[in-house]
Amino acid sequence: MNKIKGFISSEKKLSGAIFGVLVIAVFGLIFGPNIYAQFARQDGAAGWGYGYGYGFGYGYGFDGGTVAGYRITGADLSTDDYGYGYGYMATGVTYDSTDGYSVTESSMSSLVQAGVMVPDGNDISNTTEVAFQNKVTMNVGGGVATIVIPSGTTFTADSAGNFSALAASGTIDTSDLDDVDLASSLSFGLPSLGLTVNPAITISVNVGSQYNGQTLKIYRKDAGGSWVESPSDTDATCLVASGICSFDTTHLSSFAAGKTSGTGGGSGGGGGGGGGILVSAPTCTSVVYGEYPATCVSGYQTRAIVSQAPVGCTLTAAQQADSSRACVITETGVVVPVITDHGSSVFVALEKSLVKNVNSALARRLFGRILLQVEDKGQAWYVNPINGSKYYLGRPADAFALMRGLALGVSNKTWATFTNGKAPARLSGRILLKVEDHGRAYYVNPVDLKMHYLGRPADAFSVMRNLGLGITNANLRQITVGELK
């Protein structure tokens, strides 16, 4: 009997200890400073709400829900991934696959709540580093400048500061910038702290078309310092094209673009000539590009311009566009470009003519899959499980329209029978449309039956990028080509 009492007593103590641990754990999850979620919502109404995005699952943010959202669907919630969740988006902030999150200098601070700008630690007002979870494009002064921050960029300070005050301005004091013919100026960073950036960000300042074809010097004034010619390899000069001076920088401070007095753009007249006539730079007749990098950054690859002729020429819009291309990452980790031109009808007609021998068994194995033409330009195709034909997805906007065009309407009653974010096997590979819920569209991945939201063209592109399967031309051309009528 004593043994039984002793056992019961020990069990009570153990239960009490376990309960105590659980209480502490729950308390830590709710109030602990270092356990938090980050979810960057990409669509939906402004303010706190639900929508599609990228981020972590579980929890309510590191301060109880006012600074970070959380993902509730998609892959493993303990890792960053795409899915549906709860998060914040400020009024006037938009998202697309090209620019990422578009903000102004006044809405920059909202990226903390939005889960895009993440502090190292638990306090944005007292940290030495922030990381950008997504690409950000800031428009300064209604057209004065544009700042592009790639996904994965970190801003680091030598001492702790309030990173929620991070801001840009097109109005700064350049009175002590002597002997310089100033074209434009800009500040970006924290007024009292010098910040380093990794990798470099791109700043594009509007200096006016009168500087087209000219090389301007970049002057920099760090916090507490004075104006100097920028000494770094990245932001020393810029070649003006279409009135824009663009340079990369690994420092945040005050910048100015201009020329040393007396080296202006005009050619002086003979004898006592004053200001000369500015001669517009000629259009480039040839451009040599470097190789594309081996990685995708926010869905794009950008290559450097090695040389252009004649010297000091102005790039055409097409030549500038040729320096970058959309790309996707296949499920095997291979990076392939995505065709982005407007000749889709010609391309589809060509592919249709190349289908000679139809392999129905191959098509059945690929029902519902998104295929990437890796031996060409990475063009994406969707194999419709209804008829076994492949449909060209083209650009993100085209893919979005086509996927919704092939969708199957589903009532809310039927939708409620789906469990764990998965559709039944009979709907494998289908595009589903919630006809009683604002026509929301979802793609059912045939690999695992998980549903992926297709709210915007960016979502369709994300599905192509993350779920695409590489296929050879020989195999692709054994599947018939379908077209929406």
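The values are calculated or read from the model by the stated rules, or taken from the named source; none is laboratory data. This one's a predicted model, so the numbers in the text were calculated from it and none came from an experiment. A quick note on method: Cβ atoms are made from the backbone with ideal geometry, for glycine too, and the neighbour counts reach across all protein chains shown.
A few notes on this one:
- Only one of the listed residues (Gly405, Gly470, Gly439, Gly455) is in contact (Cβ under 8 Å) with a residue 40 or more places away in the chain, over 26 Å from Val355 (Cα atoms) and either in the same structural domain as Lys356 (by TED's automatic domain parsing) or surrounded by fewer than 15 Cβ atoms within 10 Å (Cβ to Cβ) (or both). That residue is Gly455.
- Failed criterion for Tyr300 (all others in (1) modelled with pLDDT of 70 or more; (2) among the aromatic types (Phe, Trp, Tyr); (3) closer than 30 Å to Tyr101 by Cα hold): (1)
- Of residues in the range 169-183 being closer than 14 Å to Asn206 by Cβ and touching a residue at least 40 places away in the same chain (Cβ under 8 Å), the one surrounded by the most Cβ atoms within 10 Å (Cβ to Cβ): Ala183
- A single entry from Val180, Val205 fulfils the requirement of being at pLDDT 80 or above, within 25 Å of Asn134 (Cβ to Cβ) and touching a Gly at 6+ places or on another chain (Cβ under 9 Å): Val205.
- Filter result for Thr73 (surrounded by fewer than 16 Cβ atoms within 10 Å (Cβ to Cβ), assigned by TED's automatic domain parsing to the domain that holds Ala40 and at negative phi): no
- Test for Asn126: is it without any contact (Cβ under 8 Å) to a residue 40 or more places away in the chain, among the polar types (S, T, N, Q) and under 25 Å from Thr316 (Cα atoms): no
- Those residues of the range 125-152 which are part of a loop (DSSP other than H, G, I, E, B) and either among the hydrophobic types (A, V, I, L, M, F, W, C) or crowded, with 20+ Cβ neighbours inside 10 Å (or both), in sequence order: Gln133, Asn134, Lys135, Val144
- From Leu166, Leu195, Leu186, residue being within 21 Å of the chain's Cα centre (by Cα) and surrounded by 22 or more Cβ atoms within 10 Å (Cβ to Cβ): Leu166
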